[in-house]
Structure formats: C-alpha cells, structure tokens
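Novice: Right, I'll just put the structure down here and ask away after.
The values are calculated or read from the model by the stated rules, or taken from the named source; none is laboratory data. These figures come from a predicted structure and were not determined experimentally. Neighbour counts are summed over all protein chains in view; Cβ atoms, including those assigned to glycine, are modelled from backbone coordinates with ideal geometry.
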Amino acid sequence: MHRGGHPDAGPWFRLLDRDRRLLALLAEHKVLTTDQIATIEFASVRRAQDRLRKLREMGMLFAFRESLYGGGTSQTRHALGYLGARLIAAQRAQKPPAPSAHALDLERLACSPMLNHRLGVNDFFCALAAHRNPTRHALSNPAQGLTQWWSERQCAEVFWTNYSGDDKLTPDGYGCWEQDGRTVRFFLEYDTGTESLSIVTAKLTNYHGFPTDRFGILLFSLHSARRETGLRTALRREVSSFAPSLVIATTSRDLTHPDGPAGSVWALWTPHIGDADTGRLRLADLPERGPRILHHASTPQPYAEAAFDHFDPTIQDLLYLNKTRSTTPSSIGHSNDETGPAHFDDTMIEIPPPDDDWA
C-alpha cells in the first residue's frame with residue numbers, strides 16, 4: 001500500500017510492456033476476463049493465469065468472480081488494483097484516486113447490472129484485437145487489424161457538436177479495422193436481447209442527428225439469428241426515417257467463424273438496398289467511411305494508432321459540417337500535452353469518398 005510522503009516507482013519498472021498495455025486497457029475499459037486477456041496478449045490461458053496471479057499479488061490488479069446459480073463460479077474478471085491505478089495516473093501525469101474512492105468504484109463495477117453488457121462489448125473488441133496478439137501472429141505491419149478501440153466514455157468525449165453537451169453520441173464502442181489496404185471505421189451497438197426492438201431502433205435517432213456517415217458505419221451485434229432477423233424487419237419498417245447515407249451491418253453471435261467478427265458474418269443494410277440478400281461479408285469488405293489516417297505503430301494507448309482528436313481542425317470540419325467551426329473554450333483547458341487527449345504530431349488525415357458500390 002502506498003504511504004503518503006514515501007513514493008515508490010519501483011513496481012512500474014518491474015512490469016513488462018505487456019503488463020503496461022494491460023493496465024492501460026483496464027484503465028479505459030474497466031474489466032476484462034482471463035480468456036479475453038489471454039486472447040490479446042498471451043500464447044495460452046495457462047500462461048495468462050500465471051502472470052495475472054503475479055500482478056494481483058503485486059497489487060496491480062483486482063480480481064473477482066460471480067457465484068453461479070446451481071453451483072460454481074464465473075470466469076475470473078480483472079480490473080485495476082489500487083497500485084495499478086496509481087501507476088497509470090503517474091504515467092499520465094494525472095491525480096491518483098483516493099483509496100476509498102477506488103475501492104468504491106471497484107465495488108460498483110463488480111455489482112453493476114451492466115457488467116455482462118460491458119464484458120460483451122469488450123469481448124467483441126478483444127476478438128478483433130486477437131489478430132494482433134504478438135505471441136500468436138507475426139505481423140509484417142503491426143498497424144493492421146484493430147487500430148482503434150474507444151469505449152463509450154471516449155466516444156462521448158469526442159463525438160459532440162456543441163459545447164452544451166446535448167449532442168453527444170454514445171455508442172457502446174467505436175473502432176477501426178484495417179486489412180488488405182481497406183480501412184473500415186464503425187460504431188458498435190451490442191444487443192443482449194433485453195430491450196424491445198422498438199427501443200433498439202429508437203437509438204438510431206441519435207445517429208440520424210449526428211454526421212455518422214462522416215465517421216463510420218453502424219454495426220449491430222445481436223445475440224441470436226432470430227433477433228437479427230427481427231431487427232432487419234424493424235429497420236425495413238423505419239426506412240422512410242433513415243438518412244440516405246447511413247450504412248448499417250448486422251450479425252448474430254450464434255454465427256461462428258474462425259476469424260470471429262472480422263470474418264464473413266456481416267449482412268449489409270442500407271436505405272438504398274434495404275433488406276436485399278447481399279450475402280455475408282468480412283468486416284474489411286464493408287463500406288469505408290470516415291477519416292483515413294496515416295499513422296505510426298507506436299502510441300501510448302493500445303489500439304489507438306488510428307485515433308483522432310475532437311479538436312483537430314479536419315475532425316471539426318466533419319463534426320460541424322457547414323456550420324462555423326467551434327473554438328476551444330478556455331474553460332475546457334484542452335491541450336495536446338501528456339495530460340490531455342491523445343494527439344499524434346505525425347498524423348495526416350484525409351477523407352476518402354464513399355464507396356461507389358454502396359452509395
């Protein structure tokens with residue numbers, strides 16, 4: 001336990017690069033299971049278990065499991081321990097959390113009714129990140145595959161069009177998938193089947209009011225094929241209210257593919273083609289939308305090579321369309337230093353034209 005007035009940065013230097021990537025991911029995405037961590041960073045689950053146990057003993061991680069009805073427990077879930085949270089705050093030149101506040105946050109996380117939904121969203125992105133696992137894949141170009149993974153919180157901080165905060169967009173996640181020279185940016189809506197389809201389709205109102213097509217396409221991950229069919233039928237009923245450029249793709253999680261959500265599991269839906277049978281497409285074959293960024297592989301945050309800043313002039317031109325571009329108010333105190341949002345000095349942004357085949 002850290003004691004005031006007696007700093008000790010030694011534990012940070014006993015961490016491997018892999019450990020630091022894991023702490024950074026947990027700082028943003030809050031919780032990952034053992035299998036999810038093994039999928040993105042380790043050669044096997046057993047190796048992951050051994051290292052995670054050591055990190056728990058060091059105080060870097062907090063682990064918890066859920067007792068299951070009928071006996072047994074869930075898979076172990078991992079979150080930032082207090083020492084891990086302190087070191088991440090120090091590395092980012094941020095104020096560390098108070099021990100009591102951090103303990104309360106962990107209790108709320110473990111008891112949250114949204115925990116399974118959060119784990120499901122993270123599982124979707126981990127399945128994509130698995131294609132960049134350095135212990136399983138020798139990549140000639142490491143900046144391929146999943147090059148952006150933003151949480152709902154990060155989306156709310158970037159995807160807004162006025163300072164009142166009323167126009168924030170909060171998908172379950174935002175990502176960028178790069179493969180075979182194609183760059184597909186997407187917003188993710190992860191459906192667990194607990195809401196009616198009318199509530200699910202009502203979420204599209206937020207995407208209609210936002211320049212969605214300038215930043216990506218909209219993906220729906222449904223829990224079953226029946227649910228996916230129902231959603232596509234509901235979309236057809238709502239076709240008159242859709243923006244003509246909005247592109248949607250759906251999949252059901254009972255579809256299995258060796259490449260997971262990167263494989264041929266996506267069915268395209270647009271107001272132009274409606275519910276016509278287009279077959280199942282790879283994620284990389286879906287329409288390209290949004291800014292294309294020439295980036296470098298080395299970034300402070302994992303899976304952030306293709307990330308951008310709300311205050312980048314090119315991004316603000318996309319957000320504000322024909323309106324006067326916003327200026328940064330002094331009250332926000334935005335900067336591009338180590339305490340502010342990620343900024344890439346060597347980044348160049350261009351806006352590709354929409355794919356002619358899907359216009």
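Novice: In the list Leu146, Leu222, which residue meets the criterion of being crowded, with 19+ Cβ neighbours inside 10 Å, of a type in the set (A, V, I, L, M, F, W, C) and over 30 Å from Leu294 (Cβ atoms)?
Specialist: On inspection, the qualifying residue turns out to be Leu222.
Novice: Right, next: Can you spot a residue in the range 233-242 that is in contact (Cβ under 8 Å) with a residue 12 or more places away in the chain, crowded, with 16+ Cβ neighbours inside 10 Å and among the charged types (D, E, K, R)?
Specialist: Step one: of the range 233-242, the residues in contact (Cβ under 8 Å) with a residue 12 or more places away in the chain are 233-236, 238-239, 241-242.
Now restrict to residues that are crowded, with 16+ Cβ neighbours inside 10 Å: 235, 242.
Imposing the further condition that a residue be among the charged types (D, E, K, R) reduces the set to none.
The answer is no, given that none of the residues of the range 233-242 is in contact (Cβ under 8 Å) with a residue 12 or more places away in the chain, crowded, with 16+ Cβ neighbours inside 10 Å and among the charged types (D, E, K, R).
Novice: Now, a different point. For Ala130, indicate whether it is under 27 Å from Phe215 (Cα atoms) and not in a helix (DSSP H, G or I).
Specialist: Taking the combined requirement at face value, the residue does not satisfy it.
Novice: Against the condition modelled with pLDDT under 95, under 20 Å from Arg214 (Cβ atoms), among the acidic types (Asp, Glu) and not assigned by TED's automatic domain parsing to the domain that holds Leu25, how does Asp167 come out, does it pass?
Specialist: yes
Novice: Of the residues that make up the range 242-258, is at least one farther than 23 Å from Phe125 by Cα and either part of a strand (DSSP E or B) or modelled with pLDDT of 90 or more (or both)?
Specialist: Within the range 242-258, the subset farther than 23 Å from Phe125 by Cα is 242-245.
If we keep only those that are either part of a strand (DSSP E or B) or modelled with pLDDT of 90 or more (or both) as well, we get none.
Within the range 242-258 (the criterion being farther than 23 Å from Phe125 by Cα and either part of a strand (DSSP E or B) or modelled with pLDDT of 90 or more (or both)), the answer is no, since none of the residues qualifies.
Novice: I'd like to verify a number: residues in the range 260-272 that are part of a loop (DSSP other than H, G, I, E, B) and modelled with pLDDT of 95 or more, how many?
Specialist: Matching residues across the range 260-272 total 3.
Novice: Considering only residues of the range 24-64 that are aliphatic (A, V, I, L, M) and not in a helix (DSSP H, G or I), which is nearest to Ser112 (Cα to Cα)?
Specialist: Val31
Novice: So, one more: Looking at the range 69-96, which of its residues are closer than 16 Å to Ala24 by Cβ and surrounded by fewer than 19 Cβ atoms within 10 Å (Cβ to Cβ)?
Specialist: Ala89, Ala90, Gln91, Arg92, Ala93, Gln94, Pro96
Novice: For the structure I just gave you, tell me whether Arg136 is surrounded by fewer than 17 Cβ atoms within 10 Å (Cβ to Cβ), in contact (Cβ under 8 Å) with a residue 12 or more places away in the chain and either part of a loop (DSSP other than H, G, I, E, B) or among the hydrophobic types (A, V, I, L, M, F, W, C) (or both).
Specialist: yes
Novice: Counting only residues that are in contact with a Cys (Cβ under 9 Å, 6 or more places away or on another chain) and either part of a strand (DSSP E or B) or of a type in the set (Phe, Trp, Tyr) (or both), how many does the range 181-230 have?
Specialist: Of the residues in that region, 5 qualify.
Novice: Another question, if that's okay. Does the range 45-78 hold any residues that are among the polar types (S, T, N, Q) and modelled with pLDDT of 95 or more, and which are they?
Specialist: Passing the criteria: Gln49, Thr76.
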